[in-house]
Amino acid sequence: MAETKHAVIEFIEPGRTQTEDAKRAARQLRRRLEKERAAARKAEQLDKFPEQEWSSKGPRGKQKLRGLKVLAPRPVRTTSHTAATAYPFVAGPGVGANGLYLGRDQHGGGAFCFDPWALYEAGVISGMSMMLFGQVGTGKSSLAKSLAVRQVLAGRKLSVASDKKGEWTRVVKGLGGTVIQVGPGLSTRLNPLDPGTRPSTDVQGHLMTDEAWAMMVRTRRMSIIVTLAKILTDRDLTSPEHHMLSQALDEAVRISGEQDRVPVIPDVIGALQAMRQDGDVMAAEAASVMMMTMARVSSGDLAGMFDGETTVMMSAEARATSIDTSALRGASPEAVRVVNACAGAWTEAMVTTRDGGQRIVIYEEGWDNISSEADLRRMVEQWKLARAYGIFNILVLHKIADLDMAGDRSSRMAAMAKSLLADADVKVIYRQDRSALQVTSSEMELSDREVSLVRSLPKGTGLWRLGDSSFEVKNELTKAELPLFDTDERMDKTATGAGSHAA
Ligand SMILES: Nc1ncnc2c1ncn2[C@@H]1O[C@H](COP(=O)(O)OP(=O)(O)O)[C@@H](O)[C@H]1O
Ligand SMILES: [Mg+2]
């Protein structure tokens, strides 16, 4: 409308005579026009901001997002499950808070809590074993210790199969547990032929009959004797040798039974000696070889360690136990392997029962354990039974390549070692150097990001693989734990014997 009026005035002919009336009419028209223009301008403004309203903090209503006010969206709270779906590859599902605090999830997941039994129940892991890799001094043992100590304080039990540096002694004693020290010249002895703890039920949960128990003990004893013979001969046994050992064991059990005591290795040696008189030449020869082999257990640097009845009572009820073999530093590799085998088998015989509740079994610096076939086999079997007996195994190694110590790549032993790795549903990698990392990344299919992460992990922080998920976790130690777990200070005092095998 304003346009129309405007057009009219523009079209008044300039040269036309204007009477007073006409002049007045023109003035009135101009004024009206001006009013209408002002109204139009206002209308135009209102059209731009029709509902404009201002508060002290800026525009409200429809304009509220167009003002100068800085936007501050409210944080969203959601479950990690939803977050993992909404932000794939950024947010992983957490392990939940169902467990004991171990440290911080470095990717914003907050507290990292871990309880293998709960994770098993939840279906996150299907095997009850953990492997821990990393360079010396990166915090592997500290992680194992903090995990173990916190579990023990929560009512579980702990057994350290063979503690080569004696670094668990303080920890186990601190928990009120029993430490057995074995080594040349020490008065403590472990009898590898001890029957072990009799469980009230078998693996299937059936009541343990006398026959079943006798069979279990027989199998265990035969297994450790064969293991020892294999370690000491550094080869597989022949059939006659195997047969002779078996006969000698039965004879040793009979003789000791008559004297109302448990059989010991010298009983087996004695039986083998008697069997050398066997009419059959092959049998006599096998008995002779085995006798001389087993005699090694009760002579030289091994004498007095495994050749008599056990001198310490280690109850299956004890909340923490460890076998400290640090006195063996500098002993021959053969002797170290015998000690590992005996200590491992003995510990397993003690813990293979459902009655003792849930237990963590630690294999510290486990490369020795996996360099002997019989030992490795025992471990593979033991680990398969772990779930049934409520055991969670932790094996500490330097690097995955240590598994190759089990034999050359194609061998049966290497395959067994790899099966240990495959069965370990919890794998933790601490800092590694480039060469170790190459094997690790290919064996564990690490992503490029994970590889560069592992190379630069600070002390105490590790990459965790739990089933299919990965976490970067900083293990947090308490003020009470720090001095208890400190290996640096101890290393200074006993630096000479630490050797290159310190893990
Ligand atoms: N999470 C941690 N926080 C603080 N100190 C740590 C942590 N982990 C390890 N340490 C310290 O580092 C030293 C070496 O750790 P250790 O666990 O013995 O290493 P590894 O077993 O890998 O050789 C120990 O003295 C320990 O006190
Ligand atoms: Mg260590």
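The values are calculated or read from the model by the stated rules, or taken from the named source; none is laboratory data. Given the structure is predicted, the values throughout are model-derived calculations rather than measurements. FYI the Cβ positions are ideal-geometry reconstructions off the backbone, even for glycines, and counts take in every protein chain you see. Calculation scope for accessible area: heavy atoms of the full protein, side chains included, ligands and nucleic acids excluded. Shrake-Rupley method; radii C 1.70, N 1.55, O 1.52, S 1.80 Å.
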Determine, yes or no, whether Val124 is more than 16 Å from ligand 2 (Cβ to nearest atom) and open to solvent by less than 10 Å² (accessible area, probe 1.4 Å).
no
Just one listed residue, out of Arg354, Arg337, is open to solvent by 10 Å² or more (accessible area, probe 1.4 Å) and in a helix (DSSP H, G or I), and it is Arg337
Which residues, taken from region 74-86, are surrounded by 11 or more Cβ atoms within 10 Å (Cβ to Cβ) and modelled with pLDDT under 65?
Ser80, Ala83, Ala84, Ala86
Name the residues in region 160-182 that are open to solvent by 10 Å² or more (accessible area, probe 1.4 Å) and of a type in the set (Ser, Thr, Tyr), would you?
Thr169, Thr178
Candidate set from region 106-120 (those that are more than 10 Å from the chain's Cα centre (by Cα) and modelled with pLDDT of 90 or more); member that is nearest to ligand 2 (Cβ to nearest atom):
Phe112
Please list, ordered by residue number, the helices (runs of 4 or more DSSP H) wholly in region 106-190 having 1 or more residues that are more than 16 Å from ligand 1 (Cβ to nearest atom) and under 22 Å from Ala343 (Cα atoms).
140-153, 169-174
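May I ask you to list the residues in region 468-485 that are open to solvent by 30 Å² or more (accessible area, probe 1.4 Å) and away from ligand 1 (no atom under 13 Å from the Cβ)?
We begin by selecting, within region 468-485, every residue open to solvent by 30 Å² or more (accessible area, probe 1.4 Å); these are 468-470, 474, 476-480, 482-484.
The answer is Asp468, Ser469, Ser470.
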Go through Ala316, Ala327, Ala349, Ala331 for me and flag whichever is in contact with a Gly (Cβ under 6 Å, 6 or more places away or on another chain) and part of a loop (DSSP other than H, G, I, E, B).
Ala316
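Of everything in region 314-330, what is surrounded by fewer than 17 Cβ atoms within 10 Å (Cβ to Cβ) and touching a residue at least 40 places away in the same chain (Cβ under 8 Å)? Give them in sequence order.
Let us first name the residues in region 314-330 that are surrounded by fewer than 17 Cβ atoms within 10 Å (Cβ to Cβ), namely 315, 317, 330.
Across region 314-330, the qualifying residues are Ser315, Gly330.
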